[in-house]
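Before any comments, here is the structure.
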Amino acid sequence: MINVLESSLTFPEKIRAAFFPFISISIKEELQLALFKPPYRENLFLDGVFDLFDEKRNGVIEFEQFFHSLNVFHPYAPMVDKIDFAFRLYDLQQTGFIEREEVKQMVIAILMESEMRLSDDLLDQIIDKTFSDADADRDGKINKEEWKDFVMRHPSLLRNMTVPY
């Protein structure tokens, strides 16, 4: 299967420049401004996506990095790539595990973006249920294999990992 986004990288430079004026995004704030317009506030999800797209870890998302990372959102992208991307997005501290506090921070960020509020008790119940379902070895953190199994049982977790074209 030919990956449409990856194949776009083989376009001659003139054609690519004509069709894709996007060259790079140099800081997270530029991406946030482009997507949300002012006023904007801290966005944990967007920060995580920026960090994952910034493959060189230099604070810049270059054209090639953008398209390479965007591949995961293609409808025909392998499920394993979507699972891995989502895992890395939730692994805020980049420890190789998703910990309770990371899930809590992400849930709070998502709720804030939706302008929803939940009581601390309800939030704790959601996180307890998540870890009860996902943390198979009960060590208080979710490893990649546990995440994969959890997502396979709850595929709606990846619903936002596919952008229709």
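Bear in mind these aren't lab numbers, they're just calculated from the coordinates by the rules spelled out. Every value quoted in this text rests on a predicted model; they were computed, and no experiment measured them. For neighbour counting, all protein chains shown are included, and Cβ atoms are generated from backbone atoms with ideal geometry for every residue, glycine included.
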> Do the alpha carbons of any pairs in LYS82/LYS148; LYS56/LYS144; LYS82/LYS144 sit beyond 18 Å of each other, and which pairs?
Replying inline: LYS56/LYS144
> Between region 122-165 and region 69-93, what is the C-alpha centre distance in whole Å?
Replying inline: 14
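Using only the Cα atoms, what convex hull volume per residue in Å³ does region 61-165 have?
Values: hull volume 13.0 nm³, N = 105.
Dividing the Cα hull volume of region 61-165 by its residues yields 124 Å³.
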> How far, in nm, would the chain grow between GLN105 and ASP47 when pulled straight, counting 0.36 nm per residue and subtracting the alpha carbon separation?
Replying inline: 19.6 nm
>> Students often get this wrong: which residues of region 72-104 have the backbone nitrogen under 19 Å from the point 7 angstrom along Cα-to-C-beta of LYS129?
In response: 100-104
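How much length, in nm to one decimal, is gained on full extension between LEU118 and HIS68, taken as 0.36 nm per residue of separation minus their Cα-Cα distance?
Details: separation 50, 0.36 × 50 = 18.00 nm, distance 3.64 nm.
Length gained, LEU118 through HIS68: 14.4 nm.
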